[in-house]
Amino acid sequence: MVSSPASAPSCGRSYVSSRALFQEHIEEARRLHLDPCVIAYHLIGLPPLVELTRLLFAGLRSDKLRAQTSAISFYQLLTEPYRRGREDLALQAYKYLSGQRGLEIVPVTGAVARQAAEVQASLGGTHERSIQIATALRRGVRAYVTDKTALRRVAGMEVISLGDYVQG
């Protein structure tokens, strides 16, 4: 299992060594579920998180990693561009994700919806997050990659939070 950087002493790690630790953790997990926020940070190039997402997407392109996200990610990622009247950006993001090597878009099934209800009942949070977690659990991924530091543990998989690897 991937260990949590939050449980390890920081020992004054620099940003560079935090990147190396992040890369070590995602490569150890190999099979990941990507929360839409991680994809969004990559698409918009949000510093300093984009440095971590670049490592992740480079791992997907090189076949070192395999990742998935729920089809509901399209809904979550494309709503804002459409709201702003930027259909061009929505289409660009859709094409990028649809063609991303190493990233599987997993459909929402009845079984996922049922498990999402269980997740919602036990963890709370949004319906979309519950669907993402249920998708990850049903597919047996080793780690859930997010930026939500409130989400620390999910039975059956490690939670890797980008924020744990960014230090000032």
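Taken together, the values in this text are just the output of simple stated rules run on the coordinates, not laboratory data. What you are looking at is a predicted structure, and each value in this text was computed from that prediction instead of being measured. Quick reminder, even Gly has a Cβ in these numbers, built from the backbone with ideal geometry, and neighbours come from all protein chains shown.
Across region 133-154, which residue is surrounded by the most Cβ atoms within 10 Å (Cβ to Cβ) among those that are in a loop (DSSP other than H, G, I, E, B) and out of contact with any helix residue (DSSP H, G or I) (no Cβ under 6 Å at 6 or more places or on another chain)?
So, considering only residues that are in a loop (DSSP other than H, G, I, E, B) and out of contact with any helix residue (DSSP H, G or I) (no Cβ under 6 Å at 6 or more places or on another chain), the one surrounded by the most Cβ atoms within 10 Å (Cβ to Cβ) is Val141.
Just to be sure, is Arg139 more than 15 Å from Leu34 (Cβ to Cβ) and within 16 Å of the chain's Cα centre (by Cα)?
Taking the combined requirement at face value, the residue does not satisfy it.
For region 77-99, enumerate the residues that are under 17 Å from the mean Cα position of the chain (by Cα) and farther than 30 Å from Ala20 by Cβ.
Answer for region 77-99, where residues must be under 17 Å from the mean Cα position of the chain (by Cα) and farther than 30 Å from Ala20 by Cβ: Leu78, Tyr94, Ser98.
For a quick check of your reading of the model, give me the residue pairs whose first member lies in region 112-136 and is under 17 Å from Ser73 (Cα atoms), whose second is in a helix (DSSP H, G or I) and not hydrophobic (A, V, I, L, M, F, W, C), with beta-carbon atoms closer than 6 Å and at least 6 apart or on different chains.
From region 112-136, the pairs are Val112/Thr135; Val112/Arg138; Ala116/Ser130; Glu128/Gln76; Ser130/Gln120; Ala134/Gln115.
Name, by its number, the condition in (1) more than 26 Å from Glu24 (Cα to Cα); (2) over 14 Å from the mean Cα position of the chain (by Cα) that does not hold for Ser130.
Tallying (1) more than 26 Å from Glu24 (Cα to Cα); (2) over 14 Å from the mean Cα position of the chain (by Cα), Ser130 fails exactly one: (2).
Considering region 51-70 alone, what residues qualify as being surrounded by fewer than 16 Cβ atoms within 10 Å (Cβ to Cβ) and either in a loop (DSSP other than H, G, I, E, B) or in contact with a Phe, Trp or Tyr (Cβ under 9 Å, 6 or more places away or on another chain) (or both)?
Within region 51-70, Ser62, Asp63, Lys64 qualify.
For region 117-127, check the following and say yes or no: at least one residue is part of a helix (DSSP H, G or I) and under 24 Å from Arg30 (Cα atoms).
yes
For region 71-99, which residues satisfy the criterion of being part of a loop (DSSP other than H, G, I, E, B) and farther than 20 Å from Ile131 by Cβ?
Arg84, Gly85, Arg86, Gly99
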